[in-house]
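Undergrad: Could you have a look at this structure, given as structure tokens, before my questions?
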Amino acid sequence: MYESLLETLSFIPGLEDKTAPEVAVYAGLILGVLFGALAQITRFCFRRAVVSGPDRRQAAGVWLTGLALAVLATQFAVMYELISFDDHRFMSSDLPVAAIVLGGLLFGAGMVLTRGCVSRLTVLSGSGNLRALTVLVVFAIVAHATLKGVLAPLRVALGSYTLPPESAALPGAGPILAALIAFGLLAIAARSGARPAHLLGGALIGLIAAAGWVTTGYVLYDDFDPVALESLSFTLPASETLFWTIASSSISATFGTGILGGVIAGAAIAALIRGEFQWQSFDSPAQTGRYLSGAALMGVGGVLAGGCTLGAGLSGVPTLSIAAVLAIVAIAAGGVIADRLLKISASSSGSAGSSTKQPLQPAE
């Protein structure tokens, strides 16, 4: 089946002599462009869905719609044996609870400090937001340092605290559980008050997440030239893209590199068409410090948790993995806690007469 699929792809100009890993870069680019454009239009953002704000319910409705469709489509692919997560890291027999929980809390706090998770900041980078682009670069550096650099001993130490669950998957994992989860999420989304067009956009984003799994795990499957089974994610791709950018003669681009570049391009195209492209930068040194601190927290947290709000959330939860669910819950908890602490701090500063201080949450 792989040979017939690759033969089909070979008729596309420019892909005649490409290997599966090389084609994966183009596949990631296409999926990234679609995600970037839809996320720009719908303002798809996990932070807005969990942190108190005037549009929290609407943002949650869009995000949960995406997750519902991702769960259904991904488990449909599993049911028909197009893909399998048996050997994926999400299904490891040892659950690194300490790393996942701490990493999720750190990532959640970081996304509040930077006014967006990594996926949202990637989209904002495409619309001219230089704050977001700066955060992405710092995030990539810190993530790589946690994976392979000076912070790797911390990752290894925390990863050694594991629990051996009876199963790495949720109890009852399968099509019935997937349908129940999707139905519950869609019921919540229907009451969110989000625009129907935005809910449709969220649904399409969910299908893109499932398409990523099918593309890398089925369409481009090759025993002799394997492609890693992955979907929409930003932690590892950010690190890979950073080093591919500065050493492309010795480091090959990956599916994740295509995703990251595609998201920026897709968001830029959508922003330009809709008249939303606008150059933005930091307003003060205090704001710069807050954003860079958030970037560092997300870099460490994303690696420890095993993914970001997309890698562990939108793409990870549809695998029905305990690790992925634990990670996204910890990220949400970290965001809520950080948001409340910032508001308490702002309230205390205001009561002390510090009304001239820089707002803690500037506009995106």
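Undergrad: Read through the list (1) more than 17 Å from the chain's Cα centre (by Cα); (2) open to solvent by 40 Å² or more (accessible area, probe 1.4 Å); (3) within 22 Å of Ala143 (Cα to Cα), then give the number of the only condition that Glu240 fails.
TA: Among (1) more than 17 Å from the chain's Cα centre (by Cα); (2) open to solvent by 40 Å² or more (accessible area, probe 1.4 Å); (3) within 22 Å of Ala143 (Cα to Cα), Glu240 violates only (1).
Undergrad: For Val150, only one of the following conditions fails: (1) out of contact with any Pro (no Cβ under 6 Å at 6 or more places or on another chain); (2) among the β-branched types (Val, Ile, Thr); (3) touching a residue at least 24 places away in the same chain (Cβ under 8 Å). What is its number?
TA: (3)
Undergrad: Can you tell me which residue among Ala268, Ala247, Ala286, Ala253 is surrounded by fewer than 20 Cβ atoms within 10 Å (Cβ to Cβ), of a type outside the set (S, T, N, Q) and farther than 28 Å from Ala109 by Cβ?
TA: Result: Ala247 is the single residue among Ala268, Ala247, Ala286, Ala253 that is surrounded by fewer than 20 Cβ atoms within 10 Å (Cβ to Cβ), of a type outside the set (S, T, N, Q) and farther than 28 Å from Ala109 by Cβ.
Undergrad: Identify, by number, the condition in (1) in contact (Cβ under 8 Å) with a residue 60 or more places away in the chain; (2) of a type in the set (A, V, I, L, M, F, W, C); (3) in contact with a helix residue (DSSP H, G or I) (Cβ under 8 Å, 6 or more places away or on another chain) that Ile251 doesn't meet.
TA: Evaluating Ile251 over (1) in contact (Cβ under 8 Å) with a residue 60 or more places away in the chain; (2) of a type in the set (A, V, I, L, M, F, W, C); (3) in contact with a helix residue (DSSP H, G or I) (Cβ under 8 Å, 6 or more places away or on another chain) leaves (1) as the failure.
Undergrad: What is the one condition in (1) within 19 Å of Leu180 (Cα to Cα); (2) surrounded by fewer than 24 Cβ atoms within 10 Å (Cβ to Cβ) that Gly66 does not satisfy?
TA: If we test Gly66 against (1) within 19 Å of Leu180 (Cα to Cα); (2) surrounded by fewer than 24 Cβ atoms within 10 Å (Cβ to Cβ), just (2) comes out false.
Undergrad: How about region 115-162: which of its residues are open to solvent by 40 Å² or more (accessible area, probe 1.4 Å), touching a strand residue (DSSP E or B) at 6+ places or on another chain (Cβ under 8 Å) and either in a helix (DSSP H, G or I) or under 20 Å from Arg290 (Cβ atoms) (or both)?
TA: The one that is open to solvent by 40 Å² or more (accessible area, probe 1.4 Å), touching a strand residue (DSSP E or B) at 6+ places or on another chain (Cβ under 8 Å) and either in a helix (DSSP H, G or I) or under 20 Å from Arg290 (Cβ atoms) (or both): Leu130.
Undergrad: Every residue in region 73-114 that is of a type in the set (A, V, I, L, M) and open to solvent by 60 Å² or more (accessible area, probe 1.4 Å), please.
TA: Met79, Leu102, Leu105
Undergrad: Where residues in region 218-229 are out of contact with any Gly (no Cβ under 7 Å at 6 or more places or on another chain) and at pLDDT 90 or above, which of them is least open to solvent (accessible area, probe 1.4 Å)?
TA: The residue in question is Leu220.
Undergrad: Specify the residue that is farthest from the chain's Cα centre (by Cα); the eligible residues are those in region 335-356 that are modelled with pLDDT under 95, in a helix (DSSP H, G or I) and among the small types (Gly, Ala, Ser).
TA: Ser351
Undergrad: Across region 170-217, what is the total count of residues that are surrounded by 19 or more Cβ atoms within 10 Å (Cβ to Cβ) and of a type in the set (Phe, Trp, Tyr)?
TA: So the answer is 1.
Undergrad: Name the one entry in Thr74, Thr19 that is in contact with a helix residue (DSSP H, G or I) (Cβ under 7 Å, 6 or more places away or on another chain) and of a type in the set (S, T, N, Q).
TA: When all the criteria are applied, what remains is Thr74.
Undergrad: Is it the case that some residue within region 169-192 is closer than 20 Å to Gly301 by Cβ and in a helix (DSSP H, G or I)?
TA: Within region 169-192, none of the residues are closer than 20 Å to Gly301 by Cβ and in a helix (DSSP H, G or I).
Undergrad: Based on what the data block shows, is Pro165 surrounded by fewer than 18 Cβ atoms within 10 Å (Cβ to Cβ), assigned to a loop (DSSP other than H, G, I, E, B) and in contact (Cβ under 8 Å) with a residue 24 or more places away in the chain?
TA: In short, yes.
Undergrad: While we're on this one: Kindly indicate whether Phe11 is aromatic (Phe, Trp, Tyr), at pLDDT below 95 and in contact with a strand residue (DSSP E or B) (Cβ under 6 Å, 6 or more places away or on another chain).
TA: no
Undergrad: Right, next: Go through region 39-58 and report how many residues are without any contact (Cβ under 8 Å) to a residue 24 or more places away in the chain, of a type outside the set (D, E, K, R) and either touching a strand residue (DSSP E or B) at 6+ places or on another chain (Cβ under 8 Å) or not in a helix (DSSP H, G or I) (or both).
TA: 2
Undergrad: Another question, if that's okay. Please name all residue pairs, on different chains or six or more residues apart, with Cβ atoms under 9 Å, provided the first residue is in region 261-283 and is under 17 Å from Val137 (Cβ atoms) and the second residue is of a type in the set (Asp, Glu) and in a loop (DSSP other than H, G, I, E, B).
TA: Close Cβ pairs (under 9 Å, with a partner that is of a type in the set (Asp, Glu) and in a loop (DSSP other than H, G, I, E, B)) amount to Gln280/Glu364.
Undergrad: What about Gly61, is it assigned to a helix (DSSP H, G or I), of a type outside the set (Ser, Thr, Tyr) and over 16 Å from Leu170 (Cα atoms)?
TA: Taking the combined requirement at face value, the residue satisfies it.
Undergrad: Can you name the residue in region 318-328 that is more than 14 Å from the chain's Cα centre (by Cα) and open to solvent by 10 Å² or more (accessible area, probe 1.4 Å) and, of all such residues, is farthest from Arg290 (Cα to Cα)?
TA: If we take residues in region 318-328 being more than 14 Å from the chain's Cα centre (by Cα) and open to solvent by 10 Å² or more (accessible area, probe 1.4 Å), then Ile322 is farthest from Arg290 (Cα to Cα).
The values are calculated or read from the model by the stated rules, or taken from the named source; none is laboratory data. None of these values were measured; they are calculated from a predicted model. Note that each Cβ is placed from the backbone with ideal geometry, even for glycine, and that neighbours are counted across all protein chains shown. Ligands, DNA and RNA are stripped out before the accessible areas are found, and what is left, the full protein with its side chains, is counted by its heavy atoms. Shrake-Rupley method; radii C 1.70, N 1.55, O 1.52, S 1.80 Å.
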